[in-house]
Each structure stands twice: as structure tokens, then as C-alpha cells.
1. Would you check if there is a residue in the stretch 74-92 being surrounded by 22 or more Cβ atoms within 10 Å (Cβ to Cβ), in contact with an Asp or Glu (Cβ under 8 Å, 6 or more places away or on another chain) and touching a residue at least 40 places away in the same chain (Cβ under 8 Å)?
2. Considering only residues that are of a type outside the set (A, V, I, L, M), modelled with pLDDT of 95 or more and crowded, with 24+ Cβ neighbours inside 10 Å, which ones fall in the stretch 384-402?
3. Here's a check for you: in the stretch 187-233, which residue that is over 15 Å from residue 323 (Cβ atoms) and among the hydroxyl-bearing types (Ser, Thr, Tyr) is farthest from the chain's Cα centre (by Cα)?
4. Quickly run through the stretch 415-447 and pick out the residues that are open to solvent by less than 40 Å² (accessible area, probe 1.4 Å) and without any contact (Cβ under 8 Å) to a residue 60 or more places away in the chain.
5. Given the condition at pLDDT 90 or above, surrounded by 13 or more Cβ atoms within 10 Å (Cβ to Cβ) and touching a His at 6+ places or on another chain (Cβ under 8 Å), answer yes or no: does some residue in the stretch 711-722 qualify?
6. Which helices (runs of 4 or more DSSP H) does the stretch 574-691 wholly contain that include 1 or more residues that are among the polar types (S, T, N, Q) and closer than 17 Å to residue 558 by Cβ?
7. For the stretch 466-508, how many residues are touching a helix residue (DSSP H, G or I) at 6+ places or on another chain (Cβ under 8 Å) and of a type in the set (Gly, Ala, Ser)?
8. Mind listing whichever residues of the stretch 146-160 are open to solvent by 10 Å² or more (accessible area, probe 1.4 Å), out of contact with any Ser or Thr (no Cβ under 6 Å at 6 or more places or on another chain) and not basic (Lys, Arg)?
Amino acid sequence: MSSAWSIHVRGVVQGVGLRPFVYRLARSHALTGWVLNGEDGVEIHAEGEETALRSFLEDVKTLAPPAARITDLAVHAARCEGLPGFTISESQQWDRPTVRISPDLPVCDACLEEIFNPSDPRYLYPYINCTNCGPRYSVVLALPYDRSRTTMRTWPLDEFCNGEYHDPANRRFHAQPVACPRCGPGYYLQQGGEILRGNDAIRKTVELLKHGAIVAIKGIGGYHLACDARDAQSVAALRQRKYRKEKPFALMAKDLEVARGLVELTSESEALLTSAARPIVLVRAKDSLAQVASDNDELGIMLPYTPVQHLLMAAGAPEVLVMTSANRSSEPIAYEDGDAFERLDVIADAFLVGERPIARRVDDSVARVGAFGPVILRRSRGYAPGAVVTLPIDRPVLAVGSDLKNTVTLVVSGQAFVSQHIGDLDHYASRRAFEETIEDLLKMYEVPRDQLLVVHDSHPQYVSTQHAIAFPAPAKQEVQHHRAHVASVLAEYEAWHKRVLGVSFDGTGYGDDGNIWGGEFFVGSLDAGFDRVAHLRPAALPGGDAAAQFPVQAAAGFLAQLEQMPDFSTGPFCFPRRYLNSLKLVHQNVRCFSTTSMGRIFDAAAALLGFTREITFEGQAAMWLEYLATKGSDCEPYPFPFEDGELDFRPLLEALVFDRLRGRDTHEIARSFQRGVAEGLYSAAITLCRDLQLDTVVLSGGVFQNNLLMSDLKQLFQNGPLQVWTNHAVPPNDGGISLGQVAAIASRTNVEDKAAQSQHVTSIGI
């Protein structure tokens, strides 16, 4: 006797080949029914023998396509309709979409085999794709995910592609971006007034790159600026034209073999490099490339992930390319052709342009294998806009993040969709990108503003805060910056009630008292909130946030608390005039702000060791200090005592100054400083957890991007009584703030909403 099941599949299940997979699977189990894309996943109606249905369901769970991520599978009995066969039905729209959009996927091996097969119809075709690979998030215009709702909608399928699209045995069965050279978009090279198309464009691009040119190349989520990484003159020209003085460039290696010659790949970093996200991976360098990453022992490297990148490498392009986001320094990546031509005209010598429009800008992601596991430093292509977690909240929530390394998070039916990396909001173009991303997510998921709760940082002058306050939504809440850092980790672990010690170390955040925080210890949980129980000893910060640009300016407030200090304007320190001017402000208490920022302590240490100039990118001085420390031998840590709820920086900096005066090697000094910070944090954590009866420490904030510091902490904690939780799905830097903002209010808001609804129902009843 036949039975019928209604199966609801949620997760990353659209645009990843799940419907054709289900179709073939159902037919192999002799089932009838249908499968379609719904607005919150994939719906299946299956009819057949009970044993066949059970076997079918098990295969759906265990044999799903590699790009699919099934997070929930609900099964209910249904009415048998006596259907004659199994079909893929048209997508249906019901209420608000909540489906998880697949991130963009790297080109698969099967497509690569075809693209280099002279007898294949898609030979050398730069837009080859199938259900297992290719663009997703960067081409989706609306949900559900169908071709008519993508940027491929203006290219009708020819007879060949249409046949594959409707053939259940073909891996392009219902692959929405499918195309071929006869019916789909192509690439062309524009150099001055000359335009070359097809493979001529690829060959000419290779020739230009080999002769030192800088080429803007359109990718999945935007344009890259590419040049030969081993041509120092070309790389220097790119730095000058892009106004990128010292910040490291990302590299693209032809293949794993080339990558292994550049960096020290471990099995873990190699797995990250070849993962479906294909991020830029930070790895210790073997080879020194002039102008690429000065004062840094790591290189950021990635492998080709689009067909056109593979075509360029196969045609003889330099085997290591600088492949950096196409923009002027600090601006968002260019992704629209007209904007790219206008903004990049003074940077690029030529443009390799793909005709398929990009729906939204999506930068490359950046990751590394850290001491506590893989960590994402910039979450974008390959990861966004995946739902990181399902939160205990019913109403839609928009969290607008921080002003640095901004992301936004939209919560729909509890699912927290974290956007791609947007950037720093102190630039007009980035602010526009921020606003566009918010509108894009709200439109995509059809979220009505009259139901929306908007969450923002407590800093009143943040661009993101001001946008949130002006946003036409009925409810708004603020979340303190460092509590959001801690909350982001707990959200990843889905630990709503777990009471922890949260350690949030970064450069700047607006504190409860109006001062600049950044070295904070909290105790609490997501549902009960977090109380500040300890912090770094406060110091004066002359000029406030502006001191982050000048390490010697930041150093003035800390060094002013030390006794019997030398004249820092003389050797070996040689501080510039700015230090004396800043020290005068500290003594007169003019334009000074109190700070507990651990990030500024690193700046002060860097200044004492020789970094006395202005920084040219955020975190540069701390990265330079870490670079010094990696070259020092394992040595005794400087003292960083924890007493009466404060980490006292004075002994730490006094020891550093003394060793500098007596001529100790700067690498050894930097190493002792880093170890001192780790030992001080560990001592504080042990004391606080013992006194407050806690067993878990949460670490988050930009300081914990320091890989050497994390390695030291791993060594200290690994044999102790405490477990350590860190970020893995979102960055520990401010890129994770938006997730932390929604997590910090989710449990409490849901309880309040339900209480309000209950009270409303009761009053009606009366």
C-alpha cells in the first residue's frame, strides 16, 4: 500500500543542484510526486512504498550535492494523490522568503575538464558552470532562485543548453546560470579604443600581464586589479596608482604546486585554500616578493576559482599574480562596468570585461588557520550571505554593525543572515555600499519596515548609529560594542544561557561611561546580559580616536604614568615632535580622553621599538610588532599584573623601556612583550573564573587577530581548567559585531515580545 510524505528541507538548498538530485533519487526509488523551490527551502511531495520512502529520505540526508547544506528536514504524512510520475515543479511564492541563498562557488573539476576539451561545445567558454559550481549570491536578484530572477535572465537558452537544462541525467539539469558560447555572455578586452573578444581577449590579457601591465579583470563579485607579482616595478606602480602605500597585496597562485613554493602550507591551510569558499589564506611566506607585503612574514594567497582565471593561467599568465580588489585605497570594490571604467581608468592599463552583470559587490574572503582553529578575518565571497545561526527570536531584526570593517545582519524567522564585508564607513562610497546592502537584504527577504527591530552600536557618532536612528522602523535598541564582540562568539556556539567570562580586546569602542574602552572583561550570558568586572588600567588618550593614526601619540598617555622615564625624543627611541605635543596635552588634560584600549597598548609598544611614523592602514603598528616578535626566540614574559580588577600596563611598558635602553635585541623585546600580554590575560582569566565559578572563557575583538598572541594563549590554556571559545564563522574583528548585536538582544527581546502579545490577548479577553 502506498504512503505519501510531505518533506520540507531547509538550509543552503537552492541553486546547489538539490532539486535535480531529489528528482533522480525519487525515480531511482520508484517514487512519484514533485519537488520545488519554496520561499523558505525546498518542498518535496513523495508517494510510494513505506520502505522506499524511508530509504529515499536517508539518501537525501547523506548523499546531497556537495554545495548543499541541509540544516533542517521536516517530514509529515500527506494525502496520496496517485501522481503518475515525479516532476520538478515551478517555484511557488507564499509568504516572506527565508531560504538560505548559496554563496558563490568555485568552478568544479568537471567543468574545468570540459572547458579545456577542444571537442566540447563549451571549449574555452569563460562562463561555464553547472549545478555544482558557479555564481549564486552575486547573480541572484530575487527569491525563489530561478533563472528569471538572476542577472542571466536576458540570455535565453539555445537548443543545446535548453536540452541539458531539462535533462534529468545531466548535471546542468535546472542549473539556473547555464549558458554556452552561442547563447550566453562573453568576455572582451578593452584597451584604449581597441576591443578584442573571446580567446583573443584572453591571449592579449596574458601578453599585457607578462609585460608589466596592470589589468582590471571582472570576476564573480567585482573587479580585481592584476599584475605580475614578481615584477617589482609593476607592483610598485600599482601601489602608487591605487594610493596603497604599505598594506599587503593578495596573491593568486596558478595551482597548489606554485602555492607550495611561495608559502609553508600545512594540511589545514591547504584544506582551507582548496575549500568551497576559496578564500585568501594568510600563510607564513617562503619566498620574498618585493613590494607585495613588507614587514610581514605572511602572504595572503588564493587559487583560481573562476573559469576566466583558469583560462588566463592556462594561456601563460604569470604563475603568481597580485590580485587585489579593484578600487582606490579604502573605497569599496568596483562591480558595475560603468563605475569601474570611471574609477579605475587612472589605475588600469586595460579592462577584461565580462558581459554578465553582477547583482551586488562581493569581495574575496580572508581566512587563516589559527591556534584555536580556522578563523575568518574578512567574511565575503564563498561565505556570505549564509545564515550563521538560528536565533531564538521571531520578529525580523536588522543589525547595522560597526563603522570599521562593517557588515550588517538581517534576522528572518530567527535565521541570522550576515552580509558580505562592506568596509569602513568613513568614506562616502562605503556609506553608499552600506545603505545599498541594507536595502538589498530587506528587498531580498521582503521584510516590512513596520515590523523591524533595528540594533546599533552605542557610539552616538558612528555613521551606522546615525543611520539606524534615522531608519523608518518602529523599534530600536543599542548594544555596547565590546559586549557585541563577546555575544558574537556565544551566538556561534548557540549558547543562549551559558554563563562565561568574556574578554574583549580591541582598539576602540564607546563604553558605558562615555570613555574609550578596549581592554574589557565581562561576566554573563546572552539571556541575562553582561556585567563589566575588570579592565585594563585606564590611561589618557590625547586626541581621542585620532591617536590610532599615530603610535607615538597613543604612547604619550601610557608613558605619562611611568616614573623616571628617559627623554624619548633621543636615541634609541627618537620620538618625533608629535610625542612632546601629545604629552603636553596629557599633562594639561586638554583634548584627552580616558581609555582602556588594549589596541593602543600595542601601538605604544610598537612606537617604543621604532614604529614612530603615521600608520597607513588600520592595525599596521600592531602587525609590525607581531612581525618583530615572530623573529624573537622564546623568552621570559614581561610582567603584566592583574590586581583589584585591573590589568596594570605600567610594569609591562617599564620593562620594555628598560630593555630598549640597555640595547636588547628588538625582536626579543617584542617577543617578551607579546608573551607578557598573554600571561597577563591568562592570569586575569584564571583569577576571575575561580572567584566567579566559571569554566569558559570567550575571546573576541581585533587584538585576537594576532596569531602569535593566540598561539601563546593556546599553550597557556590547553592544560588548564578552562575551555576557550573563539570566533570561527564571523571575524573576531568588527566584521562580527553585527551578529553579536542581534545575539545580544535576541533572547530578551523574544521574551518581551511574547509577554507583550500575552498582555494584549488578555486585555482583549477582558
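The values are calculated or read from the model by the stated rules, or taken from the named source; none is laboratory data. From a predicted model like this one, the values you see are computed outputs, not experimental measurements. Please note: Cβ atoms are built from the backbone with ideal geometry, for glycine as well, and neighbour counts cover all protein chains shown. For the accessible areas, the whole protein counts, side chains as well, though only heavy atoms, and no ligand, DNA or RNA atoms are used. Shrake-Rupley method; radii C 1.70, N 1.55, O 1.52, S 1.80 Å.
1. For the stretch 74-92, residues surrounded by 22 or more Cβ atoms within 10 Å (Cβ to Cβ), in contact with an Asp or Glu (Cβ under 8 Å, 6 or more places away or on another chain) and touching a residue at least 40 places away in the same chain (Cβ under 8 Å): absent.
2. 401, 402, listed by residue number.
3. 188
4. 425, 434, 438, 441, 442
5. Among the residues of the stretch 711-722, not one is at pLDDT 90 or above, surrounded by 13 or more Cβ atoms within 10 Å (Cβ to Cβ) and touching a His at 6+ places or on another chain (Cβ under 8 Å), which makes the answer no.
6. 577-588
7. Total satisfying the criteria: 8.
8. 148, 151, 154, 155, 156, 157, 158, 159, 160
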